[in-house]
Structure formats: structure tokens, C-alpha cells
1. Look through the stretch 14-32, keep the residues that are small (Gly, Ala, Ser) and not in a loop (DSSP other than H, G, I, E, B), and return whichever of them is farthest from the chain's Cα centre (by Cα).
2. Identify all residues within the stretch 35-45 that are in a helix (DSSP H, G or I) and either within 21 Å of ARG60 (Cα to Cα) or touching a Pro at 6+ places or on another chain (Cβ under 9 Å) (or both); write none if there are none.
3. Output yes when any residue across the stretch 32-41 is in contact with a helix residue (DSSP H, G or I) (Cβ under 8 Å, 6 or more places away or on another chain), surrounded by 14 or more Cβ atoms within 10 Å (Cβ to Cβ) and not β-branched (Val, Ile, Thr), and no when none is.
4. State which residue pairs qualify: first residue more than 10 Å from MET59 (Cβ to Cβ) and inside the stretch 10-34, second residue part of a helix (DSSP H, G or I) in any location, beta carbons under 7 Å apart, and separation of 6 or more residues or different chains.
5. Given the conditions (1) assigned to a helix (DSSP H, G or I); (2) farther than 23 Å from SER11 by Cβ; (3) out of contact with any helix residue (DSSP H, G or I) (no Cβ under 6 Å at 6 or more places or on another chain), report the number of the one that ALA52 does not fulfil.
Amino acid sequence: MPSNNPFIELSNFIEDTYGSPEAFAQQLDLAVEMLFYVEEDTFSRRELQEVASALMSVMRVLQGK
């Protein structure tokens with residue numbers, strides 16, 4: 001039964017899909033790296049940096065840092 005708590009749902013998704021928050025954080029780390037190699041003129045540099053910063057913040061929480 002789905003939870004009404006989005007944090008519990010996210011936690012369940014991470015565990016079911018990636019096995020652990022650490023494994024999910026590794027995938028997010030790869031996504032951040034990919035953002036730095038997006039073709040020019042797709043997004044502004046600032047937009048990409050903001051997305052990368054948001055992903056890094058999520059990674060730090062998941063890694064307990």
C-alpha cells in the first residue's frame with residue numbers, strides 16, 4: 001500500500017530500485033558528471049549549474065554528509 005508520506009515513498013523507491021541510498025547517490029553522481037558534458041546551446045550554463053547543485057545537495061543528504 002502506498003504511503004501518504006513522500007519521504008517514505010522516496011525511500012521505498014530508492015531501496016526497491018537501487019538497493020540502497022548509497023547506490024542511488026552513485027547514480028546521481030554520474031548524472032551530475034553528465035550534465036557538465038551537455039552540448040552547447042541546449043541549456044544556459046547557469047541552468048546546468050543550478051541542476052547540478054540541486055543533485056549534489058540530494059547526494060549529500062543520501063550519503064549522510
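FYI, it's all coordinate maths here, none of it is from the lab. Here the structure is a predicted model, which means the values were calculated and not measured. Glycine also receives a Cβ, built like all others from the backbone with ideal geometry; neighbour counts cover every protein chain displayed.
1. At the first step, the residues of the stretch 14-32 found to be small (Gly, Ala, Ser) are 19-20, 23, 25, 31.
Then keep just the ones that are not in a loop (DSSP other than H, G, I, E, B); that gives 23, 25, 31.
Details: ALA23: 11, ALA25: 7, ALA31: 7 Å.
Only one residue tops the list, namely ALA23.
2. Pass one, the stretch 35-45, residues in a helix (DSSP H, G or I): 35, 45.
The one that is in a helix (DSSP H, G or I) and either within 21 Å of ARG60 (Cα to Cα) or touching a Pro at 6+ places or on another chain (Cβ under 9 Å) (or both): LEU35.
3. To start, the set of residues in the stretch 32-41 that are in contact with a helix residue (DSSP H, G or I) (Cβ under 8 Å, 6 or more places away or on another chain) comprises 32, 35-36, 38.
Imposing the further condition that a residue be surrounded by 14 or more Cβ atoms within 10 Å (Cβ to Cβ) reduces the set to 32, 35.
Among the residues that remain, those that are also not β-branched (Val, Ile, Thr) are: 35.
Yes, that holds for at least one residue.
4. ILE14/PRO21; ILE14/PHE24; TYR18/PHE24; TYR18/GLN27
5. Among (1) assigned to a helix (DSSP H, G or I); (2) farther than 23 Å from SER11 by Cβ; (3) out of contact with any helix residue (DSSP H, G or I) (no Cβ under 6 Å at 6 or more places or on another chain), the lone unmet condition for ALA52 is (3).
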